[in-house]
Amino acid sequence: MLDRTFAALSDPTRRALLARLSERDLSISELAQPLAMSLPAVMKHVDVLCSAGLVTRSKTGRTVACRLCAGPMQEAMQWLGRYERFWSASLDRLAAFVEEESDPVAPEDGVTASRSTRPAAMRGRRAKKAGG
């Protein structure tokens, strides 16, 4: 089921449909209204969302109403949560680097400490950008 969830979420149109359904239940025609695509195309996207368990449909007369089911997204978040420590460590390093860059200390030789402690590869990139 996790594969279907990620496959369904990989498409920007389907993510937009889910965002609209997070506000309230909508009919297929209401979902299609702001999109520049045909009703059958929207219905195909809704079919993918339904097969992933992200949307349920109910029919009243000729109207098909769609409702968001967030359970599969919660399962995906739990799976992604296992890797949060990798993101957190990277973001902590980025925050430390940004803080270091924004608060340079000028040593006696006139070169800022943040620039002198920057890795050589990064100094080269900045020099190339500045030079052309």
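For Ser27, the residues whose amide H sits under 5 Å from its own are Cys66, ignoring neighbours fewer than 5 places away on the same chain, with H placed 1.01 Å from N. Spacing of the modelled spin labels on Ser27 and Thr60, each 7 Å from Cα toward Cβ, amounts to 1.0 nm. Per-residue packing, averaged as other Cβ atoms within 10 Å, sorts the ranges 84-95, 57-68 into the order 57-68, 84-95, beginning with the highest.
When the P(r) is computed for region 1-95, the part past 16 Å accounts for 58% of the Cα-Cα pairs. For region 1-44, taking the reciprocal of the average inverse distance between every pair of different Cα atoms yields a Kirkwood hydrodynamic radius of 11.1 Å. So, counting K/R as plus one and D/E as minus one, what does the shell of residues with Cβ under 9 Å around Val46 add up to? Result for the neighbourhood of Val46: +2.
Shape summary of region 19-58, radius of gyration then Dmax from alpha carbon positions: 9.7, 25 Å.
Where a number appears in this text, it was derived from the coordinates with a stated rule and is not lab data. Bear in mind the structure is a predicted one, so any value in this text is a computation, not a measurement. FYI the Cβ positions are ideal-geometry reconstructions off the backbone, even for glycines, and counts take in every protein chain you see.
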